[in-house]
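See below for the structure under consideration.
The values are calculated or read from the model by the stated rules, or taken from the named source; none is laboratory data. For clarity, every value in this text was computed on a predicted model and none was experimentally measured. Here the Cβ positions follow ideal geometry from the backbone for every residue, glycine too, while neighbour counts run over all protein chains shown.
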Amino acid sequence: MRLPGGLTLTGGDGLTRAFFRTKFWEEDPQTYGDVVFQPDALPEEVASQRLTRTQKQALLCYGADQPLLFVGHYWRDGHPAPLRPNLACLDYSAVLYGKLVAYRLDDETAIDPRKFVWVDVQRPELAP
């Protein structure tokens, strides 16, 4: 989603962006803060800004009734876990020495938090 008013933000990765990643599973977002999904937070004055009807209509929404979906490109951190019962992100910043994550999928219809597996990526200077 484009940042409002021509605003740009420089993220922790040093890149300056005019867009941010959104939660494409939010069913009734009201503000920019409700849809932001990226490592860098939006400034409070942007996060609290209300979305227009047109902005809400332009958002994609992956419904809770859809099949299981695994995504990447969101640079998560912390303990791997589902975002909702049918949606999980497997990108836990391995390239930045986070976790290289996978999911052991069988025939389940809801994501089981116990089935995430990962290795912590070590910095070369810290590797044994």
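Would you call Asp40 among the acidic types (Asp, Glu) and closer than 24 Å to Asp65 by Cβ?
On the way: among the acidic types (Asp, Glu): yes; closer than 24 Å to Asp65 by Cβ: no.
Against the criterion (among the acidic types (Asp, Glu) and closer than 24 Å to Asp65 by Cβ), Asp40 does not qualify.
Among the candidates Leu69, Leu105, Leu60, single out the residue that is at pLDDT 95 or above and under 14 Å from Phe24 (Cβ atoms).
Numbers: Leu105 fails: under 14 Å from Phe24 (Cβ atoms); Leu60 fails: at pLDDT 95 or above.
Matching residue, one of Leu69, Leu105, Leu60: Leu69.
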Could you check, for region 35-47, whether at least one of its residues is at pLDDT 90 or above and polar (S, T, N, Q)? no
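So which residues in region 35-57 are in a helix (DSSP H, G or I) and of a type in the set (Lys, Arg)? Let's see the steps before the verdict.
Residues of region 35-57 in a helix (DSSP H, G or I): 35, 44-47, 53-57.
Of everything in region 35-57, those that are in a helix (DSSP H, G or I) and of a type in the set (Lys, Arg) turn out to be Arg53, Lys56.
Yes/no matrix, rows are residues, columns are (1) closer than 30 Å to Arg123 by Cβ; (2) exposed (fewer than 15 other Cβ atoms within 10 Å of the Cβ); (3) touching a residue at least 24 places away in the same chain (Cβ under 8 Å); (4) not assigned by TED's automatic domain parsing to the domain that holds Asp112:
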| position | (1), (2), (3), (4) |
| --- | --- |
| Gly14 | yes, yes, no, yes |
| Arg21 | yes, no, yes, yes |
| Leu42 | yes, no, yes, yes |
| Arg53 | no, yes, no, yes |
| Trp75 | yes, no, yes, no |
| Cys89 | yes, no, no, no |
Yes or no: Val46 within 23 Å of Gly11 (Cα to Cα) and surrounded by 11 or more Cβ atoms within 10 Å (Cβ to Cβ)? yes
